[in-house]
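A quick write-up on the structure given underneath.
The values are calculated or read from the model by the stated rules, or taken from the named source; none is laboratory data. Bear in mind the structure is a predicted one, so any value in this text is a computation, not a measurement. Because the Cβ atoms are built from the backbone with ideal geometry, glycine has one as well, and the counts that use them run over all protein chains shown.
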């Protein structure tokens with residue numbers, strides 16, 4: 001009897017151990033599955049792989065790795081220098097076919113098992129600058145179809161692609177620059193999230209801004225940093241929740257504001273913004289502050305480093321301790337721009353009664369320049385650097401607003417014009433509020449259709465109206 005009792009005790013222990021092992025395996029499997037759902041991979045070429053960054057911060061992807069961790073995501077960089085839409089194909093997973101160029105074990109995509117994939121390739125590696133005439137069209141089409149193919153394959157595998165747009169290169173001509181802008185518009189029009197890496201660091205001709213590149217093909221640390229700031233911080237949280245790519249909504253509703261010292265709408269970024277664009281449709285403004293930005297002055301910091309036995313200067317934009325408040329106003333037939341207390345620019349302009357105008361204020365941090373467009377007419381340019389802390393839209397006067405947009409990058413003229421066609425430029429878009437809500441009350445949140453979890457708040461008196 002005693003012996004049987006020992007057997008029973010041993011049997012119970014075995015069963016307990018087996019049950020515990022099974023439970024641990026289930027928990028481990030669930031944990032691994034949860035980790036995969038939060039995993040991002042960067043799949044690109046040398047700029048995506050941090051080349052040019054003279055610091056230890058890992059380029060724009062390294063900085064993004066730190067940021068997304070704050071939101072519960074893991075980012076793994078599996079990029080390789082020199083890749084284009086053709087060469088990258090040998091890095092999906094190990095096969096029996098030997099790659100033409102050595103692939104390190106940590107440069108294959110599928111073994112990482114990500115849920116999200118940032119595609120970071122360039123028209124430069126595709127060979128755009130080396131071609132002439134019809135050859136450029138061929139390269140353009142190769143890149144376009146190549147990116148489409150990568151997106152399709154990722155989706156077949158259950159991955160969510162994010163496309164990093166084309167960026168500068170010192171070898172580009174003005175003709176190449178036109179191809180860059182065209183390609184970025186095409187990418188923005190696809191049903192895929194995209195990031196504007198061009199306008200934050202472009203000198204206006206498709207080349208890197210002075211002080212922000214290490215060599216003709218790669219940005220310096222400061223350039224990588226400006227590119228990093230173009231990612232909406234909650235992009236991956238929005239994608240995780242299934243938020244779709246936005247388009248302009250057809251609606252006859254808008255928001256009317258009447259004289260109030262409180263701003264109609266307020267947006268306070270949760271994370272630092274450098275380059276930005278604030279754009280909206282406006283009708284019948286009267287003694288109105290269209291937008292006021294409370295922020296700090298941006299300052300240029302320089303550092304010296306060695307590159308191929310050559311001393312180079314790297315520039316970075318930092319936040320100073322000095323406040324800077326900018327305001328865009330409309331009074332007595334004039335558009336007035338105030339940058340701080342002393343810098344004032346006035347331009348005559350008349351708004352036709354009951355006609356809608358798209359107003360676009362765009363700021364490029366690295367260049368230190370703000371531009372204001374009405375429709376696609378460049379109304380004024382101001383030299384300044386502002387690190388925005390709060391956007392206040394619609395103060396003191398009266399007017400009607402619709403389709404408020406806020407981007408984490410500057411917009412160039414081509415993109416400003418694109419938003420006038422009824423199509424929405426989406427790259428680096430953080431806020432799109434059509435203002436077609438049934439009601440607006442203090443501290444309510446108008447719908448935001450951009451792929452982010454950022455929020456625009458109602459502060460002043462706002463009344464739903466008819467477009």
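Taking residues in the range 288-313 that are more than 28 Å from residue 333 (Cβ to Cβ), and partners anywhere that are exposed (fewer than 12 other Cβ atoms within 10 Å of the Cβ) and at pLDDT 95 or above, the pairs with Cβ atoms closer than 6 Å and at least 6 places apart or on different chains are 297/322.
Of the set (1) assigned to a helix (DSSP H, G or I); (2) out of contact with any helix residue (DSSP H, G or I) (no Cβ under 6 Å at 6 or more places or on another chain), all apply to residue 232 but (1).
Candidates 121, 128, 154: the one that is surrounded by 17 or more Cβ atoms within 10 Å (Cβ to Cβ) and either in contact with a helix residue (DSSP H, G or I) (Cβ under 6 Å, 6 or more places away or on another chain) or closer than 20 Å to residue 419 by Cα (or both) is 128. Of all residues in the range 65-76, those that are within 15 Å of residue 224 (Cβ to Cβ) and in the same structural domain as residue 236 (by TED's automatic domain parsing) have Cβ atoms under 7 Å from Cβ atoms of residues that are outside any helix (DSSP H, G or I) and at pLDDT 95 or above, 6 or more apart or on another chain, in 65/58; 65/75; 67/233; 67/271; 75/40; 75/42.
The set of residues from the range 293-306 being surrounded by 14 or more Cβ atoms within 10 Å (Cβ to Cβ) and either modelled with pLDDT under 95 or outside any strand (DSSP E or B) (or both) comprises 303, 305.
Comparison of 86, 119 shows that the only residue that is assigned by TED's automatic domain parsing to the domain that holds residue 162 and in contact with a strand residue (DSSP E or B) (Cβ under 9 Å, 6 or more places away or on another chain) is 119.
Here residue 341 fulfils each of the conditions (1) crowded, with 19+ Cβ neighbours inside 10 Å; (2) over 26 Å from the mean Cα position of the chain (by Cα); (3) not in a strand (DSSP E or B) apart from (1). Within the range 184-202, residues that are over 20 Å from residue 226 (Cα atoms) and in the same structural domain as residue 172 (by TED's automatic domain parsing) have Cβ atoms under 6 Å from residues that are at pLDDT 95 or above and outside any loop (DSSP other than H, G, I, E, B) in these pairs: 185/418; 187/163; 187/194; 192/151; 192/161; 192/163, counting only partners at least 6 apart in sequence or on another chain.
When residues in the range 411-454 are screened for being on the phi > 0 side of the Ramachandran plot, touching a strand residue (DSSP E or B) at 6+ places or on another chain (Cβ under 8 Å) and surrounded by fewer than 18 Cβ atoms within 10 Å (Cβ to Cβ), 1 of them pass. Just one residue in the set 189, 221 is surrounded by 20 or more Cβ atoms within 10 Å (Cβ to Cβ) and either at pLDDT 95 or above or over 15 Å from the mean Cα position of the chain (by Cα) (or both); that residue is 221.
For the range 235-283, the set of residues classified as surrounded by fewer than 22 Cβ atoms within 10 Å (Cβ to Cβ) and assigned to a helix (DSSP H, G or I) consists of 237, 238, 239, 240, listed by residue number.
Checked against (1) farther than 22 Å from residue 61 by Cα; (2) part of a helix (DSSP H, G or I), residue 187 passes all but a single condition, namely (1). Regarding the range 58-69, can at least one residue be identified that is surrounded by fewer than 16 Cβ atoms within 10 Å (Cβ to Cβ) and in a loop (DSSP other than H, G, I, E, B)? Within the range 58-69, not a single residue is surrounded by fewer than 16 Cβ atoms within 10 Å (Cβ to Cβ) and in a loop (DSSP other than H, G, I, E, B). When you look at residue 457, is it touching a strand residue (DSSP E or B) at 6+ places or on another chain (Cβ under 6 Å) and crowded, with 21+ Cβ neighbours inside 10 Å, yes or no? Here the answer is no, as residue 457 does not meet what is asked.
The condition (being closer than 19 Å to residue 287 by Cα and not in a strand (DSSP E or B)) is satisfied by just one residue among 354, 438: 354.
Only one entry of 325, 336, 387 meets the criterion of being out of contact with any helix residue (DSSP H, G or I) (no Cβ under 6 Å at 6 or more places or on another chain), part of a strand (DSSP E or B) and free of Cβ contacts under 8 Å to residues at least 12 places away in the same chain, and that entry is 336. Against the conditions (1) part of a strand (DSSP E or B); (2) buried (at least 24 other Cβ atoms within 10 Å of the Cβ), residue 403 satisfies every one except (2). For residue 421, are the conditions met, namely being under 24 Å from the mean Cα position of the chain (by Cα) and without any contact (Cβ under 8 Å) to a residue 12 or more places away in the chain? Considered against the rule, which asks whether it is under 24 Å from the mean Cα position of the chain (by Cα) and without any contact (Cβ under 8 Å) to a residue 12 or more places away in the chain, residue 421 comes out as yes.
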